[in-house]
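Below you'll find the structure, written out as structure tokens, and then a few comments.
The values are calculated or read from the model by the stated rules, or taken from the named source; none is laboratory data. The model shown is predicted, which means the values in this text are computed figures rather than measured ones. Heads up, the Cβs are rebuilt from the backbone with ideal geometry, glycines too, and the neighbour counts pull from every protein chain shown. Surface areas here come from the heavy atoms of the whole protein model, side chains and all, with no ligands, DNA or RNA. Shrake-Rupley method; radii C 1.70, N 1.55, O 1.52, S 1.80 Å.
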Amino acid sequence: MSAATLVTTPRDYEKNAWVSQSARFDQAARRLNLDDGLYKILSTPTREIIVAIPVQLDDGRLEVFTGYRVQHSIARGPAKGGIRYAPDVSLDEVKALASWMTWKCAVVNIPFGGAKGGIICDPRYLSPLELERITRRYTAEIIEYIGPERDVPAPDVNTDEQVMAWVMDTYSMHMRQTTTAVVTGKPVNLGGSLGRREATGRGCMIVCNEALKHLGMPIEGARVVVQGFGNVGSLAALQMAAAGYKIIAVSSIEGAIHNRHGLDIQALIDYRRKHDTILRFPEAEPVDRDEALLLDCEVLLPAATENQITSRNAAHIKARVLCEGANGPTSADADEILDNNKIFVIPDIMANAGGVTVSYFEWVQDRQGYFWNLELIYERLQEIMTNSFRDVVRNAEKHQVNNRMAAYMLAIDRVAFAIRLRGLYA
Ligand code: NAD
């Protein structure tokens, strides 16, 4: 019997991202001796917006979708965070994702607060025109709460450059002026930044490089398993393969593939573009999607969705490094199991911060009206990611905690400091 079939189901509360976020926040706040007032401020999102989005479908029927925008904190600057389209989006999930954005921006020390948005819908069953109408109406419904100085959305699961272009255009129509800095992750020809598309995956690679260096392990030939083959997973895999890593398995929602000699990632991307799936890729064998996470490897890179590593399977993970490309891929209950097994965790609020870092560059470039070359973007991304990796590892050593706790403590301390300076709670 395989390891995956031996294990039990995750506990129900483990599936709630807000519970996962709050458990880590509580623990870090306790260790920091955070005062009661600041605890209350930081455990409560600043604003939770729920909107009804009436849209005419292509067949003439009217449908009403539900959309959310949560701003967790604006203490360190305008709120910042993606918009996701998925059938299982919930207010709790968006609240958790918004808080993680606050902590993430603080870990990499960029001047943003945290926000997130989502619409309950299944893009697989919507035409491009329907998606455009939903996006435009959602943008109009939240228009007074977003803006370059207020809240700056970006792409997330199932949203892309095109969706960002529609948000920018709708906002600009209402403002009667083109306002590119209202969203990031736009097409390069419309105020987007070079390097944004691959930024999250590149950030993952940079922190993996640092982790392997820290552990005294070679990059060349290090075996990597990637869960999720979307923006983050595919571009992390592509860049890591080019840097010498060996990507031995990749999964997506429909299944997983494995080749112990390493997959040709560019060929896989081309194959997926042509066939709309990674399955039946000629130079690989199929493997169970959940079991792919348990393969023997140096780096496991979950880049799909929340709560993939839980009390159910954490004990069976064999990777030496867990690099969290996704937001919240690990439940709070799994943390202790990973700790006991000495797995070096690069927590989401640091590992996937490359995306928001280049989003920050995009926002700066839009406001300057002056665009940087790719070399400069990569150089500045490298500097920010390696500095934050070192800050987190140093904090972990100083407080004798794991990397996740160290990252939360660093972030909470920075946000609390800003709140005290602003005197918001006086
Ligand atoms: P995406 O929609 O481009 O890709 C998601 C991928 O995950 C798809 O390949 C999908 O098939 C796969 N997937 C979904 N469920 C799966 C499962 N159970 N097992 C295996 N694969 C599964 O999304 P994305 O933008 O790449 O985002 C992925 C994660 O990274 C999310 O948690 C997101 O919040 C986070 N993130 C994204 C960015 C960004 O810049 N896009 C930045 C930071 C964090």
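So what is the relative contact order for segment 181-340, in percent, with contacts set as C-alpha pairs under 8 Å and at least six apart?
21
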Checking Ile269, Ile119, Ile247 against a Gaussian network model of the chain (alpha-carbon springs below 10 Å), the top fluctuating residue turns out to be Ile269
Segment 58-182: spread of alpha-carbon positions along the three principal axes, whole Å, largest first, is 47, 35, 21
Residue-normalised value, i.e. accessible area per residue, for the chain at 1.4 Å probe, in Å², stands at 42
Quick shape summary for the chain, equivalent ellipsoid via Cα gyration tensor, semi-axes whole Å in descending order, reads 31, 27, 22
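Between beta-carbons, use under 9 Å as the cut-off and find the net charge around Ala96, counting Lys and Arg +1, Asp and Glu -1.
Once positives and negatives cancel, what remains is -1.
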Excluding ligands, DNA and RNA, the carbon-plus-sulfur percentage of the accessible area of the chain with a 1.4 Å probe reads 49
Between the alpha carbon centres of segment 197-222 and segment 84-145 the gap in Å comes to 28
The distance between the Cα centres of segment 328-402 and segment 270-290, in whole Å, is 30
The chain, Gaussian network, Cα under 10 Å: of Phe281, Phe344, Phe361, the residue fluctuating most is Phe281
The chain: relative contact order from alpha carbon pairs under 8 Å, six or more residues apart, as a whole percent, is 18
Summing -39500 (n - 2.57) over every DSSP H run of at least 4 in the chain, dividing by its residue total and rounding to the nearest 500, the 222 nm mean residue ellipticity is -14000 deg cm²/dmol
Taking a crude spin-label model, label points 7 Å out from Cα along the C-beta direction, the Arg394 to Leu376 distance in nm is 2.7
Result: in the chain the number of Lys pairs with C-alpha under 19 Å apart, spaced 8 or more or on different chains, is 16
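In whole percent, what relative contact order does segment 239-327 give with Cα contacts below 8 Å and a gap of six or more residues?
Worked out over segment 239-327, it gives 24 percent.
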Of all DSSP beta bridges with both partners in the chain, the antiparallel percent, nearest 5, is 50
Per residue, the convex hull enclosing the Cα atoms of segment 232-369 spans a volume in Å³ of 126
